[in-house]
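Student: One structure follows; several queries about it will come next.
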Amino acid sequence: MSDRTERLLHIFLDSFLPLLHAGVAFTVPLTLLSFTFGLILAMVTALARLSDFPVLAAIAKFYVWIIRGTPLLVQLFIIFYGLPSIGVTIDAFPAAVIGFSLSVGAYAAEIIRAAIISIPKGQWEAAYSLGQTRLQALRRIILPQAARVSVPPLSNSFISLVKDTSLASVVTVTELFQKGQQITAVVYEPLLLYCEVALIYLLFCSVLSVLQRRLEHHYDRYHAR
C-alpha cells in the first residue's frame, strides 16, 4: 500500500465517526423537527385553501406562492442574515428549522390538498347522509383516505429534506456537510471528504427508503382489506 493510499484510508477512518456524529446530532434532529412543524403547517394550509372562507384561502395561497416561487437558500439568508437588520435575531439552528419548516409546509400543503381533492365526492355525501358534519366527515372519513394517498409523495419530501439540510451550513449550523467542510479545511482532501459526506447522506436516505416502502406496503394492505 502506497503512502498516499495509506494516508487517505487513515483520513477516511478518522473522519467517519465525526461526520456520522454530526449527521446524527444535527442533520437528523433538524430533519425531524422541520418535517414535523412543516407537516402541521401543511395541514393547516391545505385545509385553509379548501375552506369556504375566501380570506383564509387567499392567505394560504399567497404563502404557498411565495415559498414555492423563491429559492430555499434565499429564504434561509433572509431569516438568518436579513431579519437582524430589523432587530429580529434568530440563532442558527432555530433559523434553519424555521426555513425548512416553511418550505416543507408549502410543498406538503399541495400534496395534502391534492390527496383530499382526489377522494370521491360520494364519500362526503355518504358521510352527510349519516348525519355527520363537514368537520366530522373530514376527520373520520376523508383524511384517513387522503393519508394513504399522500404517503408516497410525503415520504419523498422527507427524504429530499434530509439532503436539503446541507443548506443549513450557510447559516453556520454544524450539520453533516458543514462538518465535512471543516475537516476538509484541515486535511486538504476535498474529494475524499465530500465523497464520504455523500456516502453518509446516501446511507441515511437508503434507510428512509426502506422504511418508506414498508409504510406504503402497510397502507396498501390496509386498503386491500
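The values are calculated or read from the model by the stated rules, or taken from the named source; none is laboratory data. It should be emphasised that the depicted structure is a prediction, and the values quoted were computed from it without experimental measurement. All Cβ positions, glycine included, derive from the backbone under ideal geometry; neighbour counts span all protein chains shown.
Student: Looking at the structure I just gave you, is residue 181 farther than 13 Å from residue 30 by Cα and outside any helix (DSSP H, G or I)?
Tutor: no
Student: List pairs: first residue in the range 101-112 and farther than 10 Å from residue 157 by Cβ, second residue at pLDDT below 95 and of a type in the set (S, T, N, Q) anywhere in the structure, Cβ distance under 8 angstrom, at least six positions apart or on different chains.
Tutor: So the pair list comes out as 112/150.
Student: Also, I was wondering about something else. Picking from 85, 118, 103, which residue would you name as being among the hydroxyl-bearing types (Ser, Thr, Tyr) and over 28 Å from residue 174 (Cα atoms)?
Tutor: The match here is 118.
Student: Sort out which residues of the range 107-150 are under 17 Å from residue 51 (Cβ atoms) and within 21 Å of the chain's Cα centre (by Cα), and write them in order of number.
Tutor: Within the range 107-150, 109, 110, 112, 113, 114, 115, 116, 143, 146 qualify.
Student: Here's a follow-up. Return the only residue of 70, 45, 5 being of a type outside the set (Lys, Arg) and either touching a strand residue (DSSP E or B) at 6+ places or on another chain (Cβ under 9 Å) or not in a helix (DSSP H, G or I) (or both).
Tutor: Unique residue meeting the criteria: 70.
Student: What do you reckon, is residue 182 touching a Ser or Thr at 6+ places or on another chain (Cβ under 9 Å), more than 28 Å from residue 51 (Cβ to Cβ), without any contact (Cβ under 8 Å) to a residue 60 or more places away in the chain and not aromatic (Phe, Trp, Tyr)? Working first, answer last.
Tutor: Working: touching a Ser or Thr at 6+ places or on another chain (Cβ under 9 Å): yes; more than 28 Å from residue 51 (Cβ to Cβ): yes; without any contact (Cβ under 8 Å) to a residue 60 or more places away in the chain: yes; not aromatic (Phe, Trp, Tyr): yes.
Against the criterion (touching a Ser or Thr at 6+ places or on another chain (Cβ under 9 Å), more than 28 Å from residue 51 (Cβ to Cβ), without any contact (Cβ under 8 Å) to a residue 60 or more places away in the chain and not aromatic (Phe, Trp, Tyr)), residue 182 qualifies.
Student: So, in the range 45-68, exactly how many residues are of a type in the set (Val, Ile, Thr) and surrounded by fewer than 16 Cβ atoms within 10 Å (Cβ to Cβ)? Walk me through it before giving the result.
Tutor: Narrowing the range 45-68 to residues of a type in the set (Val, Ile, Thr): 45, 55, 59, 64, 66-67.
Narrowing further to those that are surrounded by fewer than 16 Cβ atoms within 10 Å (Cβ to Cβ): 55, 59, 66.
Looking only at that region, the number is 3.
Student: With respect to residue 150, is the statement that it is closer than 23 Å to residue 25 by Cα and assigned to a helix (DSSP H, G or I) true?
Tutor: When the stated conditions are applied, residue 150 does not pass them.
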